[in-house]
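See below for the structure under consideration.
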Amino acid sequence: MDKRYMALGTSMLVLKLLKQQSMYGYQIIRELEQQSQNVFRLQEGTLYPVLHTLEQQGAVTSFQQTSENGRLRKYYALTTDGEKMLDEKLKEWEIYQTAINQVIGGVLFE
Amino acid sequence: MNKTSPDSQVTHFLNEVTDQISYKPLHPSIRQELESHIQDRMEDYESQGLTREDAERRSLKDMGDALTIGIELNEAHKIQKSPLLLFITAFLLLTGFVFSSLVIWTPVQTVYALLYYIPGVFLLVFIVLKGYPLFIRYRKKLAIFIGVLYLIQISLFMFSLYGGRRFGIVNTSYFATLLLVPVITTLLYFFRHSKKKLLAIFVGCTYAWLPFMYTDSWFIWEIAIIIFLLSIFGTVCFMIHREIMKGRKKYLYSAALGLLLFLGSPLLLSDSGKRTVENFLFPQNSVNRTLDDTYNAILIQELLSRTPFNQGLTLAPEEMMDYGTGAWYFTRITSKKRGYDPKSVNYKVEDVTLWDILPQHYYNNYIISVFILMYGWIAGMLLIGVIVAFFFLLFTIIGRIHGHLASSLAFACGQCLLWQTVFYLLGNFGYQYSQFPNLPLISEGKLSIIFNMLLLGLIFSAYRFDHVIEEPVSYKPIIS
């Protein structure tokens, strides 16, 4: 798959999850695995460059909280700019998906 | 919480990640975040029955390649540079330094040129490397310090106004007015979510502002006021455009324009304001003697009109005496309207030079026109072209700054530099609005070089650290 669409897919999934609630990095990974029934298993460390880039773009904001076991966790929350970005990425993904379906559909019909 | 030992595989993994990240102050927070993730994963594996060693091994495998993660994090947090802009800045500073040494009337002034520019360059480098991070880190202490400075400035105003004694504050009031641009921009940013606080700032500033505006006092610099108003208006529009200030854009733009007209109205409606505008647009209407700024404007226009495109101005000695004494204007053009005493000069026709006849009171104010007079219009336009290119690049990099506070602050500082340049250039073509500002980088004095290097340094620093430093007040999350 084109690297660009992989990056699009990853950031889109992250934004979609953060739209549901604020999460920390490991929580995002676990939610992704559970909600996709283990279809999406990212190289976990590669999530963080995505999160940091989204934060610089203003799509997410971060805050720290200490968990019950004393571990300091950095949570990420979606911003209003992030919501707009998610909408744009969903549209872009829809175009990509439609194009793939048209090609696959074309081959099958032949 | 399990602590990671220095020799563990987790520590090695984290070291390999952070070794790829060039900005070292970020290492602790990135290490902490990744370590927390790894510990969470290890706990999960251990709860599934794995030994600690196996859990650690599997968790690190799940994380992926440390080198790749580090490189991608470094890419996300890289320090930005603009080599071309730095080159043009250095060129303009060198031009200014050379010219300050040339357009000097006494050896003492040559020493002053060295004293202004060399520390100015050091200050610029320091602010570029440290300015924005220090501003973010110590912003509250800085706010108190600046507040105290303004209290002292206002006190000096009051003593001078009512005590009748000048406390040498004339130049500082110019910079105090311009410094309000980044100060108010920062206040607008931090209070942008609170309409009541914004309104309080506006009312407070207006009630402090208007009495000074309507006081016809020698320490009020109209040029500083107009630069301040245009810079703040431009910056507010920028913040509205970038949605840093939220609300219906039509109303926000209208409010900003209304504020500009309201606060700027004394510049057009007061007696001194009307005189200033008339002198700016029609200098020939109020020339009485060679010492007048309006006479300088007329003289510069006359000399520039006689300068060729491809070489410097050459005049006969008799012509230069004419210009030097003011006879060219007062006897030929105005002799029918008023009497005229030729200006007394200490040079003779045998040894008169171009430097003798140029406006001598403010030699540093005519650097651009002197350059054109010396080398011709083509050379002058090339220099102005470099200045234009400088500002084009400057605002291009400002446009690339993502952070809301960083971009607003950089834009405000850029506006201050830009409007100083615009009014300086206008003055150099004979359209002087009130007092002369400085030409950033090229025509500087003691305080102005410190101030303009601070502004320019903040712009470079904000751009440099835009991907690295987190802003103190983040965006309002839609879900917490």
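The values are calculated or read from the model by the stated rules, or taken from the named source; none is laboratory data. Everything numeric in this text was worked out from a predicted model, so none of it was measured. Virtual Cβ from ideal backbone geometry, glycine too; neighbours counted across all protein chains shown. Side chains included, ligands, DNA and RNA excluded: accessible areas come from the protein's heavy atoms. Shrake-Rupley method; radii C 1.70, N 1.55, O 1.52, S 1.80 Å.
So if I take the centroid of the Cα atoms in the range B:26-86 and the same for the range A:23-79, what is the distance between those two points in Å?
Their Cα centres are 12 Å away from one another.
Accessible surface of B:F465 in the full protein assembly, 1.4 angstrom probe, to the nearest 10 Å²?
Around 10 Å² of this residue is reachable by solvent.
At 1.4 Å probe size, with no ligands or nucleic acids counted, give the accessible surface of B:L268 in Å², nearest ten.
Here the accessible area works out near 110 Å².
In what order, largest first, do B:E75, B:E56, A:E44, A:E92 sit by accessible area if the probe radius is 1.4 Å?
My answer, sorted largest first, is B:E75, A:E92, B:E56, A:E44.
For chain B, what does -39500 (n - 2.57) per DSSP helix run (n ≥ 4), summed and divided by total residues, give at 222 nm, in deg cm²/dmol to the nearest 500?
Mean residue ellipticity at 222 nm (helix-derived): -22000 deg cm²/dmol.
Calculated FRET efficiency, B:I79 and A:I104, Cβ-Cβ r, R0 41 Å, to nearest 0.05?
0.35
With a 1.4 Å probe and every protein chain left in place, work out the accessible area per residue of the protein assembly as shown in Å², rounded to a whole number.
51 Å²
Can you compute the charge dipole magnitude of the range A:9-110 about its Cα centre, using +1 on each Lys and Arg Cβ and -1 on each Asp and Glu Cβ, nothing else charged? Give it in debye, rounded to the nearest 20.
340 debye
So what's the angle, to the nearest 10 degrees on a 0 to 90 scale, between helix B:271-281 and the longest Cα principal axis of chain B?
80 degrees
Divide the volume of the convex hull of the Cα atoms of chain B by its number of residues and quote the answer in cubic angstrom per residue.
192 Å³
From largest accessible area down, sort B:C413, B:C205, B:C237; use a 1.4 Å probe on the protein chains.
My answer, sorted largest first, is B:C205, B:C237, B:C413.
At a probe radius of 1.4 Å, figure out the A/B buried accessible area, summed over both chains, and give it in Å² to the nearest 100.
3100 Å²
Carbon and sulfur atoms: what percent of the 1.4 Å accessible area of the protein assembly as shown do they account for?
62 percent
How tilted is helix A:25-35 with respect to the longest principal axis of chain A? Cα atoms for both, answer in degrees (0 to 90, nearest 10).
Rounded to the nearest ten degrees, it is 40.
So, in nm, how far is label B:T314 from label B:S155 when the simple model puts each one 7 Å beyond its Cα toward the Cβ?
Result: 6.1 nm between the two label points.
By how many degrees, between 0 and 90 and to the nearest 10, does the Cα long axis of helix A:3-20 differ from the longest principal axis of chain A?
With rounding to tens, the tilt is 50 degrees.
How much FRET efficiency would the formula 1/(1 + (r/R0)^6) give for A:Q20 and B:L269, where r is the Cβ-Cβ distance and R0 is 51 Å, rounded to 0.05?
Given R0 = 51 Å and the Cβ-Cβ separation, E is 0.30.
Using a 1.4 Å probe, how large is the accessible area of B:H467, given in Å² and rounded to the nearest 10?
30 Å²
Which residues in the range B:186-203 place their backbone N less than 18 Å from a point set 7 Å from the Cα of B:R248 along the Cα-to-Cβ direction?
What the label zone holds, given the 18 Å backbone N cut-off, is B:195.
Using only the heavy atoms of the protein chains and a 1.4 Å probe, how would B:M245, A:M23 rank by accessible area, largest first?
B:M245, A:M23
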